1. Of I104, I36, I52, I45, which residue is surrounded by fewer than 21 Cβ atoms within 10 Å (Cβ to Cβ), farther than 21 Å from K214 by Cα and among the β-branched types (V, I, T)?
2. If you scan region 140-170, which residues turn out to be out of contact with any helix residue (DSSP H, G or I) (no Cβ under 9 Å at 6 or more places or on another chain) and either closer than 16 Å to I210 by Cβ or charged (D, E, K, R) (or both)?
3. Of the numbered conditions (1) part of a strand (DSSP E or B); (2) farther than 22 Å from V9 by Cβ, L194 satisfies every one except a single condition; which is it?
4. V159 - would you say it is out of contact with any His (no Cβ under 7 Å at 6 or more places or on another chain), in a loop (DSSP other than H, G, I, E, B) and buried (at least 17 other Cβ atoms within 10 Å of the Cβ)?
5. Check off (1) under 18 Å from G142 (Cα atoms); (2) in contact with a strand residue (DSSP E or B) (Cβ under 9 Å, 6 or more places away or on another chain) for K61 and give me the number that stays unchecked.
6. Identify, by number, the condition in (1) out of contact with any strand residue (DSSP E or B) (no Cβ under 6 Å at 6 or more places or on another chain); (2) buried (at least 16 other Cβ atoms within 10 Å of the Cβ); (3) of a type in the set (D, E) that D192 doesn't meet.
7. If you go through region 133-155 one residue at a time, do you hit one that is without any contact (Cβ under 8 Å) to a residue 40 or more places away in the chain, polar (S, T, N, Q), buried (at least 19 other Cβ atoms within 10 Å of the Cβ) and at negative phi?
8. In region 195-208, how many are surrounded by 18 or more Cβ atoms within 10 Å (Cβ to Cβ), within 18 Å of Q146 (Cα to Cα) and either touching an Asp or Glu at 6+ places or on another chain (Cβ under 9 Å) or of a type in the set (S, T, N, Q) (or both)?
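What follows draws every value from the coordinates through simple rules; no lab data is involved. These figures come from a predicted structure and were not determined experimentally. Cβ: placed from backbone, ideal geometry, glycine included. Neighbour counts: every protein chain shown.
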Amino acid sequence: MNHLISPSVLSCDFANIQRDVEMINNSSADWFHVDIMDGVFVPNISFGFPVIKAIKKHATKPLDVHLMIANPDQYIEEFAKSGADILTVHFEVCPHLHRTIQAIKAAGMQAGIALNPHTNVSVLEDVIEELDLVLIMSVNPGFGGQSFIDNACKKVAQVKLLIEKSGSPAKIEVDGGVNLETGARLIQSGADVLVAGSFVFNSDNPTTTIAALKAL
């Protein structure tokens, strides 16, 4: 039971966001997963800095912020000021990956890289030692409630080997279609952090569902 649970607030009730933040505070969850979408890199728009600041005001656990945006570099400082503890950017939009990772760390945050389902894990070989987090997308990013892509388990195992070979401190996080069945398979493959949105917030008792994921 060493893995972490990071409920995705994208699936919470936005009219009662403080209530849902406090539910996560009082649950066995470890992080808050905050998805930022710009309508450019992904075909959806989520929320911006004011909402992150509002979550941070009430959150007692780290903010795990996942940027699904086309130009992450220009906003790194602003995300740090808004309260992000971990900032994850997509490999697919970062032409100068080392520079982006260094900028995230210089701003006082942990640095993560996310990979879309079609992106091979080999692209991480030259940066893995500098990363705190690798986020494997097990759905195509943009919307909650999608079906799990089975190849994610294989990718988790591949990243695990890369981490062990390099001595990297990076944790492996998986986002998309996570439930008790897929979560168990991902942990078996080597995942350290499970992100769950609709599975948690659409359940009858989100706190119990988080505890069940934590107990896998």
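1. On the way: I104 fails: surrounded by fewer than 21 Cβ atoms within 10 Å (Cβ to Cβ); I36 fails: surrounded by fewer than 21 Cβ atoms within 10 Å (Cβ to Cβ); I52 fails: surrounded by fewer than 21 Cβ atoms within 10 Å (Cβ to Cβ).
Among I104, I36, I52, I45, only I45 is surrounded by fewer than 21 Cβ atoms within 10 Å (Cβ to Cβ), farther than 21 Å from K214 by Cα and among the β-branched types (V, I, T).
2. Within region 140-170, just E164 meets the criteria.
3. Evaluating L194 over (1) part of a strand (DSSP E or B); (2) farther than 22 Å from V9 by Cβ leaves (2) as the failure.
4. Details: out of contact with any His (no Cβ under 7 Å at 6 or more places or on another chain): yes; in a loop (DSSP other than H, G, I, E, B): no; buried (at least 17 other Cβ atoms within 10 Å of the Cβ): yes.
Considered against the rule, which asks whether it is out of contact with any His (no Cβ under 7 Å at 6 or more places or on another chain), in a loop (DSSP other than H, G, I, E, B) and buried (at least 17 other Cβ atoms within 10 Å of the Cβ), V159 comes out as no.
5. So K61 meets the others, but not (1).
6. Of everything listed in (1) out of contact with any strand residue (DSSP E or B) (no Cβ under 6 Å at 6 or more places or on another chain); (2) buried (at least 16 other Cβ atoms within 10 Å of the Cβ); (3) of a type in the set (D, E), D192 misses just condition (1).
7. No, that holds for no residue.
8. Taking region 195-208 as the starting set, the residues that turn out to be surrounded by 18 or more Cβ atoms within 10 Å (Cβ to Cβ) are 195-197, 199-201, 206.
Pick out the ones that are also within 18 Å of Q146 (Cα to Cα) and you get 195-197, 199-201.
Retained after the next criterion (residues that are either touching an Asp or Glu at 6+ places or on another chain (Cβ under 9 Å) or of a type in the set (S, T, N, Q) (or both)): 195-197, 201.
Matching residues across region 195-208 total 4.
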